1. Based on what the data block shows, is Ala696 at pLDDT below 70, more than 30 Å from Cys886 (Cα to Cα) and over 60 Å from the mean Cα position of the chain (by Cα)?
2. So which residues in region 39-58 are surrounded by 21 or more Cβ atoms within 10 Å (Cβ to Cβ) and either among the hydrophobic types (A, V, I, L, M, F, W, C) or not in a helix (DSSP H, G or I) (or both), if there are any at all?
3. Quick check on my filter: what residues within region 37-85 are touching a residue at least 40 places away in the same chain (Cβ under 8 Å) and either in contact with a His (Cβ under 9 Å, 6 or more places away or on another chain) or among the polar types (S, T, N, Q) (or both)?
4. Of all residues in region 124-158, how many are open to solvent by 40 Å² or more (accessible area, probe 1.4 Å), aliphatic (A, V, I, L, M) and either under 19 Å from the mean Cα position of the chain (by Cα) or over 25 Å from Ser657 (Cα atoms) (or both)?
5. For the subset of region 329-351 comprising residues that are modelled with pLDDT of 85 or more and charged (D, E, K, R), which member is surrounded by the most Cβ atoms within 10 Å (Cβ to Cβ)?
6. Across region 573-589, what is the total count of residues that are more than 16 Å from Leu552 (Cα to Cα) and surrounded by fewer than 20 Cβ atoms within 10 Å (Cβ to Cβ)?
7. Enumerate the pairs (first residue in region 519-546 and outside any helix (DSSP H, G or I); second residue anywhere and among the polar types (S, T, N, Q)) with beta-carbon separation below 7 Å, excluding pairs fewer than 6 apart on the same chain, so at least 6 apart or on different chains.
8. Is it the case that Arg67 is closer than 19 Å to Tyr141 by Cβ, basic (Lys, Arg) and open to solvent by less than 40 Å² (accessible area, probe 1.4 Å)?
Amino acid sequence: MPEQRPNPEKLLKKVQEEERQQQRGRLKIYLGAAPGVGKTYTMLQDAIAKRTQGLDVVIGIVESHGREEINSLIKNFEVLPRQQVEYRGKQLTEFDLDAALKRNPGLILVDEMAHTNIPDLRHAKRWQDIKEILDRGIDVYTTLNIQHVESLNDIVSQIIHAHVKETVPDSMLELADTIELVDLAPEDLLKRLQDGKVYFPQQAELAAENFFRKGNLIALRELALRTTAQRVGSQVLLYRQDQGIRHIWPTKEKILVCVGARSESIKLIRVGRRMAANLQAEWIAVHVDTPRIKLEEEQRNSAIQNLRLAEQLGAETKILTGFDVIKEIMDFAHEQNITRIVIGMRIRPRWKSLFIRSLTDEITRQSGEIEVHIITNTNDDAKPPTKPTSASPPKNIIPWKLYGISLAIVAATTFIDLLLSPYIHTSNLIMVYLLGVTIVALFGRVGPSILASVLSVFLYGIFFTPPLQVFSLSDAQYIFTLVVMLLVTQVISQLTILLRRQAQAARHAEQRTAVLHTLSRQLASTRGVDKLLETTVRYIGDYFNSEIILLLSDNNHLKVRARYKSEQILNEKELSIAQWVYDLEQVAGRGTDTLPFSDGIYVPLLASQGAIGVMRLHPAEQNHFFSPEQMHLLEACANQIAIAIEVDRLQDQAKKSEVETEADKARNALLQAVSHDLRTPLIAIMGSASTQIELADELEPRAIKKLGHEIYLEADQLSRLINNLLQITYLESDEIKLQKQSHSLSDVITFVVNSSSKRLRKKSVNIKLPDNLPKIPFDATLIQEVFINLIDNAVKFTPTEIPIDISAIVENDQVIVSIEDHGPGIVPDEVGQLFEKFYRGRLLTTERGLGLGLAICRSIIKAHGGEIWAENRSDGGAIFRFTLPCNPKNS
């Protein structure tokens, strides 16, 4: 049974999380160290068990790689048909996401989570398909190899000496409800590879020479075991927290080091580091900031400096806040499932132990099943050296002003009592003194409150108790009054001190949170590295009152990218410090223990993949040094900035990758079109010309004329293709200049129809133009190209005996021109693609054409300030319409 009632807030969060999980499908990942360990086989066997229990199970996609045992298991399931995708001239198959969502099974099997989808599908990666399926409430079983986990990518690359391009973000592993490790010894896996149970023989031989080496498999196996163990450890911790379990489950070693402000904490940190290294365990260094213990600013900075040392040695650091130090430490230890606590104990005289509570003794008494390691230290007074800070208050300054105010308040209360004494009984006058003493106690200082208490009793005894003007403590009631007033003032003053310290601690925490929140909000609303840097240096410079120089890495060499209130040119010495900070990822410069001779403070910008730059701060105040707490906040800001820059760069890379992909597609389409469409007419021309040359003496004039006609048509086709390429290049350049003049649209249409007679052949064209059609300002040569391309497009889709209709109307100071055909019409999902470069409609039967004609039309019409679009006719066929601005008054 749980030992403690669960926290209501955590219970509410758990209920909300369970509600979200009920709406989302459940994910199970079969994780393996390498291909061939049996992930797919295990997944199929588990799915068969689910199917026998009545669950609707289907296979979305499972790769057998020719293995008979996999094929035999696949026969037990309904297999969704795969999606046929054309890629680089080949027909390939992919997982059909829409079919899976439409089928809506209870459980779907999707193999190879890290697979990269063929371009033009909805998602670039298969794990994105899986996430959408989960969001629709469908359970998923999937497989994954450890080398495809994003956070392990660098480690895997070092092991196998190759870069793994297909990765799955760690968030998908966190999303998984279950991760099952499918393990196989390296020797058995290599035997399976030799027996052809992993790859085909040729592939197996290549894999054995590269990836499938025993050393690689052992290292990857360790990674898989560690990843699974970490996942299980997180689940144990969450379960203990949800159930309110306080007793320790020693499933793995976890060390807690209690850090204070004194020098012995450094020894504790080093002992904790050695212990964690020997046990291969996690370790956490904590400091409890409590208002019960009054720490000077220098002592608080020393504690934070000690935490920084622990962080540099690999510890996770925490600052806990609370009234009871022992309770905070033990609650944190039980919450984090700590197995060992390292704490220091100062050796002191025995008589002190009788009166002073020992932190070490209390921790040991309440530790229970947690091991406590006590490190002794006899040096009570030694303190770690700290850097001077402008914020450090002067020590041992007597608050003379408060003593003066205390005397004034006591004098005022005495004067008031003298005025009230004729009307109020003498015993009640003590309440006025008590009120004055309470006011003094609110200042939160012990000395003034004691002075006010003693002086109040003394004056009360002189002026208001017989014999008057003589102070005597012979009456026991006056002694009792003095003691009560002293106790009341001390309680009030101590409570005031505690409240002020709590308020100060809360103010520090709120200030830190506010700074990070404001900075993150500004970074989230900013795009572009230059704007991010500008926002960053301005905010950090204003908050820390410093001059800022921000340097970013360019091929591991730092270059100044942003400044704030600084025109300083960094000399060779300063640049070398910045480079050192970047290379070693450590803070250095003024006020630190490293390279302190510099005028500035250098902070590395640490992102997920390491340092990306360095930020240099030079305080505006000449003798100002940042406290360790300020340094900690500065480092947090620097890390947040680095992550924002890294995210922006990743977005830019994704956009560039998308652009490059589109460019590759366009380039491939162009090359394929050019290789076919330019060669076809050339071959036809060469064939006809060769026939004329070889059979010139034998051919009849009619045959010679026919061959000449074919040569002309093919040459004209070739000329059109080249012209379209030149046109689209010209229209997309910045040098396009329209030669606008007022022209009759009727004359242009008539000219184009007459010049296209060979292209039209026997097809007629019906022209319907209004009599009052005004002259329109346009570039006649370019508009002729529009009509030529639209008529050519209509010819491709209209039967020979059916005419093409061209019409125009004037509406809202613009002319709307329509070219209509009577062909099969436009496929609805193609309407938005028709005017894209290199796009050829699916209904096009001829293999000729680059798919540039309609793109050229769009560019020309847009250059004239008009619009062009396509739609289907109600009685069949398609209509292409475009508009041209006109001014009827100038006709």
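The values are calculated or read from the model by the stated rules, or taken from the named source; none is laboratory data. Predicted model, so just to flag it, every value in this text is computed and none were measured. Methodologically, a virtual Cβ is constructed for each residue, glycine included, from the backbone with ideal geometry; neighbour enumeration extends over all protein chains shown. Just so you know, the surface numbers come from the protein's heavy atoms only, side chains and all, with ligands and any DNA or RNA stripped out. Shrake-Rupley method; radii C 1.70, N 1.55, O 1.52, S 1.80 Å.
1. Values: at pLDDT below 70: yes; more than 30 Å from Cys886 (Cα to Cα): yes; over 60 Å from the mean Cα position of the chain (by Cα): yes.
It is true that Ala696 is at pLDDT below 70, more than 30 Å from Cys886 (Cα to Cα) and over 60 Å from the mean Cα position of the chain (by Cα).
2. First, pick out the residues of region 39-58 that are surrounded by 21 or more Cβ atoms within 10 Å (Cβ to Cβ): 39-40, 43-44, 47, 57.
Across region 39-58, the qualifying residues are Met43, Leu44, Ala47, Val57.
3. Thr40, Thr42, Ile61, Glu63 - these are the residues of region 37-85 that are touching a residue at least 40 places away in the same chain (Cβ under 8 Å) and either in contact with a His (Cβ under 9 Å, 6 or more places away or on another chain) or among the polar types (S, T, N, Q) (or both).
4. Within region 124-158, residues that are open to solvent by 40 Å² or more (accessible area, probe 1.4 Å), aliphatic (A, V, I, L, M) and either under 19 Å from the mean Cα position of the chain (by Cα) or over 25 Å from Ser657 (Cα atoms) (or both) number 1.
5. Here the answer is Arg340.
6. So the first thing to find is which residues in region 573-589 are more than 16 Å from Leu552 (Cα to Cα), and the list is 573, 588-589.
Then drop every residue that is not surrounded by fewer than 20 Cβ atoms within 10 Å (Cβ to Cβ), which leaves 573.
Qualifying residue count, region 573-589: 1.
7. Note: pairs meeting the criteria are Thr526/Thr535.
8. On the way: closer than 19 Å to Tyr141 by Cβ: yes; basic (Lys, Arg): yes; open to solvent by less than 40 Å² (accessible area, probe 1.4 Å): yes.
So Arg67 passes the test.
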